[in-house]
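The structure appears below as C-alpha cells.
The values are calculated or read from the model by the stated rules, or taken from the named source; none is laboratory data. All figures in this text were calculated on a predicted structure; none of them were measured in a lab. Using ideal geometry, Cβ is built from the backbone for each residue, glycine included, and neighbour counts are taken over all protein chains shown. Surface areas here come from the heavy atoms of the whole protein model, side chains and all, with no ligands, DNA or RNA. Shrake-Rupley method; radii C 1.70, N 1.55, O 1.52, S 1.80 Å.
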Amino acid sequence: MDALLNQLELNNSFFAEFAILAFLFITLSQLFFRPFLKLFEMRHKRTVEDKEAAERLILQANGKFEEYRRLLAEERTVAKKEYELALAEARKQEAEILGHARDKAKKITQEAADSVNSQREQLKKQLETDVESVAQNISERLLSRKV
C-alpha cells in the first residue's frame, strides 16, 4: 500500500485530509445543501400547487360566469314576458279608455246636435210667427196708405 501511495505521490496526510473533506461534505450537506434542496423543492411545489390552484379557480370562475350568464338569460326572458304582459294590459286599458272617451264624445256630440236641432226648430217656429206678424204689419201699412 505504501508503494501505491508513493506511486501516486500521496503521503499519510491524504487520509486525514480525505476524512476532513468527507466530514465537511456530510456536515455541509446536512446544514446547507439539504435545506437549499428543500427550499427548491418547496418553491417548485408551491409554484405547481399555485398554478393548479389558479387553474381550479379559473375553472370555477368560468363555471360561475356561465351560471350567471344562464341566470341572466333566464331573467331576461322572464322580464321580457312580464314587459309584454304589462304592455298588453296597458294597450287593453288604453283601448278601454279610448272607447269610453269615444262614447262620451259621441254622447256630447249627439247632445250638441240635438240641442242645435231643437234650437233650430224653436228659431224656425219663432221666425214663422215673426214672418207672419211682419207680413201682416207690412200688409196693414200698405193697405192703410192706399185707403
Legend entry - Residues that are open to solvent by less than 100 Å² (accessible area, probe 1.4 Å), modelled with pLDDT under 85 and of a type in the set (D, E, K, R), drawn from the range 6-58: none
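Tell me the residue from Ala61, Ala3 that is assigned to a helix (DSSP H, G or I), without any contact (Cβ under 8 Å) to a residue 12 or more places away in the chain and surrounded by fewer than 10 Cβ atoms within 10 Å (Cβ to Cβ), please.
Of Ala61, Ala3, the one residue that is assigned to a helix (DSSP H, G or I), without any contact (Cβ under 8 Å) to a residue 12 or more places away in the chain and surrounded by fewer than 10 Cβ atoms within 10 Å (Cβ to Cβ) is Ala3.
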